[in-house]
1. Output needed: percent of Cα pairs per 10 Å distance bin for the stretch 86-172, bins running from 0 to the one holding the longest distance.
2. Neighbouring Cβ atoms within 10 Å as the yardstick, rank 48, 166 fewest first.
3. How big is the dipole moment of the chain about its Cα centre under a simple scheme where the beta carbon of each Lys and Arg is +1, that of each Asp and Glu is -1, and everything else is neutral? Debye, nearest 20, please.
4. Around residue 150, what is the net charge, scoring Lys/Arg as +1 and Asp/Glu as -1 over all other residues with Cβ under 12 Å from its Cβ?
5. Say the dipole of the stretch 3-182 comes from +1 at the beta carbon of Lys and Arg and -1 at that of Asp and Glu; which of 112, 83, 22 then lies farthest toward its positive end?
6. Rounded to the nearest 0.05, what FRET efficiency is calculated for residue 99 and residue 31 with R0 set to 45 Å and r the Cβ-Cβ distance?
7. Go ahead and estimate [θ] at 222 nm for the chain from helices alone: -39,500 (n - 2.57) per DSSP H run with n ≥ 4, summed, over the residue count, rounded to 500.
8. Filter the chymotrypsin sites (Phe, Trp or Tyr not before Pro) in the stretch 151-190 to those in DSSP coil with at most 12 other Cβ atoms within 10 Å of their Cβ, and list the result.
Amino acid sequence: MTINVDFWFDPLCPWAWMTSRWMLEVEKVRDVHTTFHIFSLAILNEDKDVPEQYRAGIEAGRPATRAAIGVLEQYGQDGIRAFYTALGTAYHPNNEPKDGQTLRKVLDELGYDVSIADRAEAGEWEDQVRKSFEEGISLVGGEVGTPIVKVHDTALFGPVISPAPKGEQAGELFDGFEKLAAYPGFFEAKRTRTVDPIFD
């Protein structure tokens, strides 16, 4: 029986990117299907005291989250998977600017409607971004961010991983994650990160 997983991401977040690569690997070795949803670090931090440089960065990422909704509406789940893979590759392994030019380049390379970027920059889809964000954050509480992974009836922040495991190792990590999520009293397991995201 297929296990349905829901995954929330903000395109800006390198840790969510790593988790998404893991989930795509899991799908190759387990009967798992991942549904992608939009998260917003900008919305999460609207009322929080964060450094101005960080706030400027996440605010600049708002068009990408809106564009992801536009892609989802126009091209469906397959479309947003391809979009996130292309945009995340540009943003993270390739370290391209997180701006409208990169957004337009990615849409164009995929053969998608490039006007989605214009509409996103003009504020279209903000309500849908907020709705998707609120759906995800309501499952885990406001003290976490992205990635959020929901399996069966339980959502957890994470896993935060680097590098993303491949093949059977990815499947084994998912098996463990699924078991943690299945225990109703499990809330948190954490240690200090000692590596940056490793893109391979």
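1. Answer for the stretch 86-172: a P(r) of 14, 30, 37, 19, 1 percent.
2. Values: 48 9, 166 16.
Listed from fewest to most nearby Cβ atoms, that is 48, 166.
3. 380
4. Surrounding charge for residue 150 is -4.
5. 22
6. In this case the efficiency is close to 0.70.
7. -17500 deg cm²/dmol
8. Of the chymotrypsin sites (Phe, Trp or Tyr not before Pro), the ones in loops of the stretch 151-190 whose Cβ has at most 12 other Cβ atoms within 10 Å are 186, 187.
Laboratory data are not the source of any read-out in this text; all were calculated from the coordinates shown. Small disclaimer: the values here were computed from a predicted structure and weren't measured. Cβ: placed from backbone, ideal geometry, glycine included. Neighbour counts: every protein chain shown.
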